[in-house]
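Trainee: This is the structure, below, for whatever I ask next.
Where a number appears in this text, it was derived from the coordinates with a stated rule and is not lab data. Predicted, not measured: the structure shown is a model, and the values here were computed from it. Ideal geometry is used to build each Cβ from the backbone, glycine not excepted, and the neighbour counts take in all protein chains shown.
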Amino acid sequence: MTGFRNIHVIDMDTIDLTNLNRQFLFRASDIGKPKATVAADFVNSRISQNAITPHYCKIQDKDVTFYRMFDVVICGLDSFEARRWISSMFVGLVDDSDPSSLKPIIDGGTEGFKGQTRVILPTLNACHECSIHLYGKKTTYPICTIANTPRIAEHCIEWAFIVEWPRIFDSPLDSDNYEHLKWVYSTALARAEQNNISGVTFSLVTGVVKNIIPAIASTNAIISASCVNEALKLISGVQPYLNNYMLYVGDSGIYSHSFELEKNPDCLVCGNASHSIKFDKNSTLEDLIDYFKNNPDLRLVKPSISHNEILYIQAPPSLEAKTRPNLYKHLFELFESSSTLVITDPSLITSVYITVEFL
C-alpha cells in the first residue's frame, strides 16, 4: 500500500451486479452490501498492517472536524455537485496562520477510455469552482419532444419511465429492480417501433435510467495509480507533484498531457470575497434566483438569499412557505441598488456575497 497505513474510505453506494466486471474487490456474494465496508474488509484481511476505516454515507454527512484530521484527500467522485462541495469544504478549512490547515486534494475521474487527475492545493492553485465553466450541463430532453415527436432511442426511453410509468403505476420506478427495467425496455422498444426508431437496447435503457457513465477497468486502474502516485509525492516529497492537471486519452492509442489550470481571481469559493452583477430592478426575486442557477459561472442548485433579513430560504419547508411570497416581488421592493446579498447553497460550504446594481 505504498506506505499509507491509516486510511478512511467514504462511499454511499451498495454493490450492484453491474459493478463486478470492473471493481475487482467485490464478489457476487457482496451484492447489496456497502462498497466502503466490503472494500475495507477485503484490504484489511490481506494487509494486516493497514487500518482502513469504512464510512457508509454521503461525504456531506461528515463535518469539518472529520475532514480536518487528514493529511491528503483522494476523490473519485461521480457527480459534479459532490466535487464542488468537497472543494469548497477544504478551501474553507484553510487558515493562513496555520500551514497544516491546507489539505491537498487529488481528484480523479474517468469516462470510457478517457480520464483525468488533478492536484488541488486549496487557496494556492485552481480549486474545482475555478473551472466550473468547463463542465457542460447534463443532457435533458424537452417533455414536448419526448411526448409528441420522439426522434432518437433516448426519447423513447425517457418517455417510458418519465411519462408512462407514473401514469400506470402508483409506486416510483426502482432503477435497481430488474423487472422495472425490463418493463421500461419493452415499453420504450414498442414506442420506438411505432416511430421507426432503432437503437433501443436493454443496456441503453439501464444507462439512461440510472444515468450511468461508461466505465472501463483499465482506465480506472490508470487514473487510480496516477492519484496514488501524486499522494505519495505530496506526502513524501520524493518527486515534484503534478502542476496541476493531467489528461489521459486511450481510445486511439495512448495519449496524456499535463498543464496548469489557472486560478480564477473571481472564483466564488477561493477568489474575491464579493461579486457584482447588474440586474433589472423590475425583475422579481424568482428571476434573480433563476439567473443564479443558469449563469455558467455560478450554477447554484438551490440558492437561499438574505439581506439584513431572510428574503428567501429553500429549507425547511415551513420557512420556505413563509418566504415564498417574496419570490414574486420586484427587486426594488426588497432591497436598494448596490446592496450586497448573502447567498447560501447546498453545493457550497461557504456563503457567497453578490452585490446587485440596478439597471
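Trainee: Loop-only check: which trypsin sites (Lys or Arg not before Pro) in region 39-72 are DSSP coil with at most 13 other Cβ within 10 angstrom?
Mentor: Lys58
Trainee: How would you order 88-94, 300-306 from highest to lowest mean count of nearby Cβ atoms within 10 Å?
Mentor: For the peptides 88-94, 300-306, the packing ranking is 88-94, 300-306.
Trainee: Which order, highest average first, do 274-282, 7-15 follow once you tally other Cβ atoms within 10 Å for each residue and take the mean per peptide?
Mentor: 7-15, 274-282
Trainee: Oh, and also: If you find the alpha carbon centre of region 1-46 and of region 213-264, how far apart are they in angstrom?
Mentor: Their Cα centres are 22 Å away from one another.
Trainee: If exposed GluC sites (Glu not before Pro) are those in a DSSP loop with at most 14 other Cβ within 10 Å, what is the longest stretch of the chain that has none?
Mentor: Here the longest run is 1-259.
Trainee: Here is a follow-up. Among His330, His55, His257, His155, what is the fewest-to-most ranking by other Cβ atoms within 10 Å?
Mentor: So the ranking, lowest neighbour count to highest, is His257, His330, His55, His155.
Trainee: Quick one: compute a quarter of the convex hull surface over the Cα atoms of the chain and quote it in nm².
Mentor: 22.5 nm²
Trainee: List Asp61, Asp170 from most exposed to least, where exposure is judged by having the fewest other Cβ atoms within 10 Å.
Mentor: Listing Asp61, Asp170 from fewest to most nearby Cβ atoms yields Asp170, Asp61.
Trainee: Which value in nm describes the separation of the simple spin-label points at Asp78 and Glu333, placed 7 Å from the Cα toward the beta carbon?
Mentor: Output for this residue pair reads 4.6 nm.
Trainee: Using only the alpha-carbon atoms of region 142-225, report the extent along each of the three principal axes, biggest first, to the nearest angstrom.
Mentor: 47, 29, 21
Trainee: So how far, in whole Å, is the C-alpha centre of region 65-112 from the one of region 312-359?
Mentor: Cα centroid of region 65-112 versus Cα centroid of region 312-359: 28 Å apart.
Trainee: Among Phe292, Phe42, what is the fewest-to-most ranking by other Cβ atoms within 10 Å?
Mentor: Starting with the residue having the fewest Cβ neighbours, the order is Phe42, Phe292.
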